[in-house]
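Chemist: Okay, handing you the structure first.
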Amino acid sequence: MKKMVSVIIPSYNSGGTIGHALEALKAQTAGDLIAEIIVVDSSDDGRTKEVLSRHASRDVRVRDSGVRVMPGMGRNMGAERAAGDVFVFLDADAYPAPDWLENIVRAYEKGHMAGGGSIELPDSQENVLLARAQYYLQFNEFMPFGAERIKRFVPSCNMFCDRELFRKTGGFPAIRASEDVLFGLAVSRITSLWFVPEARVYHIFSEDRQRFRNNQKLLGKYVCIYRKETSDSIIYKGLVPAVLLPVFLCVKLARIVSRVVKARRFSGLFTALPAFLEGLAFWSAGFLRGCLEKESGEVNR
């Protein structure tokens with residue numbers, strides 16, 4: 001018997017993008033396996049609520065969170081009421097390829113109890129250097145190439161997990177960013193987490209420069225916070241990570257370049273290099289801020 005899927009989407013002021021996600025879900029080749037689509041919305045703008053009201057139906061359930069919640073908490077709220085055998089997580093600023101769910105269900109039926117797919121840049125943003133820079137900064141590890149393989153974590157904008165396994169892990173932790181990393185690490189302590197390149201989603205990036213900078217700072221800050229609070233290594237104690245930041249950056253750059261070369265996308269990175277380096281600088285500023293903060297207690301399970 002085919003397993004049924006609950007698709008869960010956290011949303012905050014996503015009126016410009018969530019319509020694309022919902023339309024793409026309706027066009028899935030394995031659409032008959034969707035038990036429900038649950039949108040947990042924290043928006044305080046009229047546009048998003050108007051878009052969601054147009055799409056709301058028996059199969060698309062919109063749950064108002066009441067207050068603004070972090071994306072991970074929105075996913076947990078959706079999972080609380082989900083009825084599917086498999087929970088599949090998508091973000092409001094991402095839309096799936098037509099065979100996305102087909103590939104996820106195929107992987108699940110092979111015994112992959114948790115995992116995620118690859119991230120692509122939308123055709124409409126191929127020539128937007130700011131979007132391309134964000135793609136290589138954030139998703140270089142999850143470009144669509146190679147065979148299925150085990151990962152320590154996968155992006156929460158393209159993730160699936162067996163219903164009972166999700167509950168066993170306790171869901172996503174209460175942290176503003178890097179919640180997908182922490183969730184992946186929790187899953188990996190129980191079973192293998194699989195990367196399925198064929199299960200593609202297209203991530204729509206902000207084209208506003210200030211939002212780009214702020215987001216990179218946020219990501220850098222929470223990378224440092226979660227590592228400080230979950231690692232026993234001395235390199236993440238006190239001000240040591242601030243001192244070692246140049247080393248971390250060299251390792252980060254080497255990994256990105258290696259992955260981009262393997263994916264045969266070096267020219268794409270090269271043309272977006274100025275914006276990429278700008279983003280890396282703001283990521284570094286955020287990392288330093290995370291280093292200088294006291295233990296925040298934000299990483300809760």
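The values are calculated or read from the model by the stated rules, or taken from the named source; none is laboratory data. Values in this document were obtained by computation on a predicted structure and should not be read as measured data. Cβ sites come from the backbone with ideal geometry, for glycine too, and all protein chains shown count toward neighbours.
Residues checked against (1) in contact with a Pro (Cβ under 9 Å, 6 or more places away or on another chain); (2) touching a residue at least 24 places away in the same chain (Cβ under 8 Å); (3) over 25 Å from residue 207 (Cα atoms):
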site	(1), (2), (3)
13	no, yes, no
20	yes, yes, no
33	no, yes, yes
44	no, yes, no
67	no, yes, yes
82	no, yes, yes
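Yes or no, residue by residue, for (1) modelled with pLDDT of 95 or more; (2) farther than 19 Å from residue 128 by Cα; (3) not assigned by TED's automatic domain parsing to the domain that holds residue 178:
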| position | (1), (2), (3) |
| --- | --- |
| 266 | no, no, yes |
| 276 | yes, no, yes |
| 279 | yes, no, yes |
| 284 | yes, yes, yes |
| 300 | no, yes, yes |
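Chemist: Can I ask one more? Of all the helices (runs of 4 or more DSSP H) wholly in the stretch 155-260, which have at least 1 residues that are touching a Lys or Arg at 6+ places or on another chain (Cβ under 6 Å) and under 25 Å from residue 275 (Cα atoms)?
Modeler: 209-230
Chemist: Which of the residues belonging to the stretch 7-21 are more than 22 Å from residue 66 (Cα to Cα) and surrounded by fewer than 22 Cβ atoms within 10 Å (Cβ to Cβ)?
Modeler: The answer is 20, and nothing else.
Chemist: So which residues in the stretch 87-106 are over 13 Å from the mean Cα position of the chain (by Cα) and surrounded by fewer than 23 Cβ atoms within 10 Å (Cβ to Cβ), if there are any at all?
Modeler: 97, 98, 99, 102, 103, 105, 106
Chemist: Across the stretch 224-258, which residue is surrounded by the most Cβ atoms within 10 Å (Cβ to Cβ) among those that are farther than 30 Å from residue 123 by Cβ and touching a residue at least 60 places away in the same chain (Cβ under 8 Å)?
Modeler: Ranking the candidates gives 225 first.
Chemist: Show the residue pairs meeting these rules: Cβ distance below 8 Å; 6+ apart or different chains; first residue within the stretch 115-142 and in contact (Cβ under 8 Å) with a residue 24 or more places away in the chain; second residue among the polar types (S, T, N, Q) and part of a strand (DSSP E or B).
Modeler: Listed by first residue and then by second, the contacts come to 116/158; 117/158; 118/158; 119/158; 142/118; 142/158.
Chemist: Just name the residue that is nearest to residue 93 (Cα to Cα) out of those in the stretch 130-156 that are touching a Ser or Thr at 6+ places or on another chain (Cβ under 7 Å) and surrounded by fewer than 19 Cβ atoms within 10 Å (Cβ to Cβ).
Modeler: Step one: of the stretch 130-156, the residues touching a Ser or Thr at 6+ places or on another chain (Cβ under 7 Å) are 142-144, 150, 152.
Of the ones still in play, those that are also surrounded by fewer than 19 Cβ atoms within 10 Å (Cβ to Cβ) are 144, 150, 152.
On the way: 144: 19, 150: 26, 152: 24 Å.
Among them, the one singled out is 144.
Chemist: Moving to a separate point now. Could you list all residues from the stretch 107-137 that are closer than 16 Å to residue 17 by Cβ and either within 18 Å of the chain's Cα centre (by Cα) or not in a helix (DSSP H, G or I) (or both)?
Modeler: 119, 120, 121, 122, 128, 131, 134, 135
Chemist: Considering only the stretch 107-127, I want to know if a residue exists there that is surrounded by 22 or more Cβ atoms within 10 Å (Cβ to Cβ), β-branched (Val, Ile, Thr) and in the same structural domain as residue 191 (by TED's automatic domain parsing).
Modeler: Taking every residue of the stretch 107-127 in turn, at least one turns out to be surrounded by 22 or more Cβ atoms within 10 Å (Cβ to Cβ), β-branched (Val, Ile, Thr) and in the same structural domain as residue 191 (by TED's automatic domain parsing).
Chemist: Please verify whether residue 62 is of a type in the set (A, V, I, L, M) and surrounded by fewer than 21 Cβ atoms within 10 Å (Cβ to Cβ), treating the condition exactly as stated.
Modeler: yes
Chemist: Could you check the stretch 30-49 and list, in sequence order, the residues that are within 23 Å of residue 4 (Cα to Cα) and either of a type outside the set (Asp, Glu) or in contact with a Cys (Cβ under 9 Å, 6 or more places away or on another chain) (or both)?
Modeler: Answer for the stretch 30-49, where residues must be within 23 Å of residue 4 (Cα to Cα) and either of a type outside the set (Asp, Glu) or in contact with a Cys (Cβ under 9 Å, 6 or more places away or on another chain) (or both): 30, 31, 33, 34, 35, 37, 38, 39, 40.
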